[in-house]
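The values are calculated or read from the model by the stated rules, or taken from the named source; none is laboratory data. Here the structure is a predicted model, which means the values were calculated and not measured. Using ideal geometry, Cβ is built from the backbone for each residue, glycine included, and neighbour counts are taken over all protein chains shown. Accessible surface areas use protein heavy atoms only, side chains included; no ligands, DNA or RNA. Shrake-Rupley method; radii C 1.70, N 1.55, O 1.52, S 1.80 Å.
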Amino acid sequence: MTTPTALPAPTARRVLPVLGTLLAALLCALGFGATPASAHAALTSTDPANGSVVQTAPQRITLRFSEGVLLNADSIRVLDPGGERVEQGGPEHVDGKSDSAAVALRAGLARGTYTVAWQAVSADSHPVAGAFTFSIGAPSKTTVKATATVTEVDPAVEVLYDAGRYAAYAGFVLLVGGCVFAGVCRSSRSVQRIAVGGWITLFASTAALLLLRGAYTSGKGIGDVLDLALLGDVLATKPGAALLSRLLLLSAAAVFLAVLFGSYAREDDDRTRGERRDVAYGLGIGGTVVAVGLAATWAMAEHASVGIQAWLAMPVDVVHLVAVAVWLGGLAALLAALRSGEPLGRAAVVRFSRLAFASVCALVATGLYQSWRQVGSWDALTGTSYGRWLLVKAGLVIVLVGVAYFSRRWTTRLTDGPEPKKTKPAKPAAQKVTAAAKGGGSDSAERAAQLARQRAALEKAAGKKQRDADENRSGLRRSVGAEAAVAVVLLAVTTVLTGTQPGRAEAEQKQAASGAAAPAATGPAEVRIPYDTGGTNGRGTARITLDPGRSGRNTLDVAVTDAAGRPVDVPELEVSFTEKAKEIGPLRATLERRSGGRWQATGFQLPMAGEWQLSLTVRTSDIDQVTEIKNVKIN
């Protein structure tokens, strides 16, 4: 680290455009890029199934999700046709597995259609909700609308919560990137303002998220944000603990900032070179711990903490977030330093260029892994919202790397140049005003103040002219400005991605919804199974009909024809059903011959809906026999 020199303080006007651009882009992304809170835990199956008809009342309702969910006392509500609740006790996880939820039902439930409304919090911190119906005995009219029982997030709370999330990411990037730039490249007043501004933004947004989360996940209004009961519920969850940990880490970060930009930045202290080196090592280790800890508060409570390979995804996500902060936050610090006109040596710019290159390499490696994990397939890359936003992000990264190439070219042309011309320090304006007031009254004091403003304007113009005289530095400043503009949009897209359902989970949810939305069977289920026993006249077709094709009592008809389509009797015929997922069966049907080539079993019981495996065994001679298997959907 180079020893900082006394620097002229940049004016607020030089830093505000950078922060203003960042805020405008984030608000723009909030306005058109953010989507409503969508389900991040996909409901993969229910028992009873959606739209199914069961002959006997189930003892409990069971839901299965694509990832873990957090439950509360009101997560599952079961309503009878009249709208009365019929569950008994509160919901709980099945066998301790967080990706399941079940609630017991009262005994003696009447026939009719029942509505199940559920709501929970996905393990990646997003609220999820839905509803479905099933019938006991036969469908009936119901006074309950499934969609009406789902709790929705208050729009005002949702907007504020999303804005807080975006601000938290921006604050983290500015804080970490500014500190790394100050410690490795160049410390100055403008860089300090970037880092401190990031700390303030991150602290304020985290505190706001902690207060808003209870209302966000429970469907409460903006007036319930300060409800201490909701805050207590939030702190008992993993996302709440992550936010609280972030606030504690920011307390340590405040001490780090005080040392980095305080006593360590002063070169006129009494410490020896060895002592300063020891402090630098301590700052490096402490800063790394704080930065990794802050990044972990996102990794432990969002997409990385759920799904496949969570043990690997969380540390990868931490590396990804820190690399983003070092690169983009460092760009903001570099741009602020260039715009302020501070003396910035070529060595400092080269060090940041190398640091940015290492960050990009880390981003590419971790980003590829995250993309595979969250998308899962080529179809999901273009067929889901997450996949499309990911393509936008990848395109922006390519553009940013291309712009960075030109910045690197300007960096190679930089020279430290001559030292700025030293001028005799002007008498402070306050002293001029005082002297003038003593000598000539109020008119002289006003004239002195006017002259002081003119001198300040001339000095500012002279400084800007001297700054712009260096063609290489002007080119670098323009190039870095373009990088920062692209980086702001990239950050906005990244924050939108964190609020979008991963492509893998969305694909699973669509698959589950297509299966769950299948209506109850309105007629018999029919299956045609060709067979070939290999012997003489061993080829034919068996047509199996299950009426009504639902769980409960069914009539099973089997019609066997030869290769020419004529009914044919066979010496032996067996039919059985097996539910592999539930390990039920095989259930063998007792067939009775009704006529030539036709057998029947009445009162055949299938205990539940699902994907059943039908096994047909046909024997055409003493030695010629074959078994054919086919899946049958039972509602």
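Please report how far the C-alpha centroid of the stretch 357-392 lies from that of the stretch 279-334, rounded to the nearest whole angstrom.
Here the two parts' Cα centres lie 18 Å apart.
How big is the C-alpha Rg of the stretch 512-635 next to the rule-of-thumb value 2.2 N^0.38 Å, as a ratio?
Rounded to two decimals, the normalised Rg is 1.08.
At q = 0.10, 0.22 Å⁻¹, what is the log10 ratio I(q)/I(0) for the stretch 124-235, with the Debye formula run over Cα points and no solvent?
For the stretch 124-235 at q = 0.10, 0.22 Å⁻¹, log10 I(q)/I(0) is -0.48, -1.08.
With θ set to phi - 60° and the Karplus curve 6.51 cos²θ - 1.76 cosθ + 1.60, what are the ³J(HN,Hα) couplings of the stretch 379-394 in order, to the nearest whole Hz, using x for Gly and Pro?
Values per residue, Gly and Pro as x: 4, 5, 5, 10, x, 10, 4, 4, x, 5, 5, 5, 5, 4, 4, 4 Hz.
Given the peptides 598-609, 227-238, arrange them by the average over their residues of other C-beta atoms within 10 Å, most packed first.
Those peptides, ordered most packed to least, come out 598-609, 227-238.
Could you compute Rg(Cα) / (2.2 N^0.38 Å) for the stretch 51-138, with N its residue count?
Expressed relative to 2.2 N^0.38 Å, the Cα Rg reads 1.08.
For the stretch 541-597 and the stretch 159-176, what is the separation of their C-alpha centers, rounded to whole Å?
63 Å
With every protein chain present, what accessible area does ASP317 have (1.4 Å probe, heavy atoms only), rounded to the nearest 10 Å²?
The accessible area of ASP317 comes to roughly 30 Å².
Once label points are set 7 Å from the Cα along Cα→Cβ at both ASP379 and ASP227, what is their separation, rounded to one decimal in nm?
About 4.2 nm separates the two model spin labels.
For a quick size check, give me the Cα extents of the stretch 40-102 along its three principal axes, largest first, whole Å.
31, 23, 22
Over the stretch 192-243, what percent of the accessible surface lies on carbon and sulfur atoms, probe 1.4 Å?
Reported share for carbon and sulfur atoms: 68 percent.
Report, as a whole number in µm² per second, the diffusion coefficient that Stokes-Einstein gives for the stretch 339-398 at 20 °C and 1.002 mPa s using the Kirkwood radius over alpha carbon pairs.
Rounded to a whole number, D works out at 154 µm²/s.
Would you list the P(r) distribution for the stretch 153-198, with all Cα-Cα distances sorted into 5 Å bins from 0 and each bin expressed as a whole %?
Using 5 Å bins, I get a P(r) of 5, 24, 21, 14, 11, 9, 8, 5, 3, 0 for the stretch 153-198.
Just how much of ASP278 is accessible, in Å², when a 1.4 Å probe is used and the result is rounded to the nearest 10?
Result for ASP278: roughly 100 Å² accessible.
What accessible area, in Å² to the nearest ten, does a 1.4 Å probe give for ASP379?
Accessible surface of ASP379 is approximately 120 Å².
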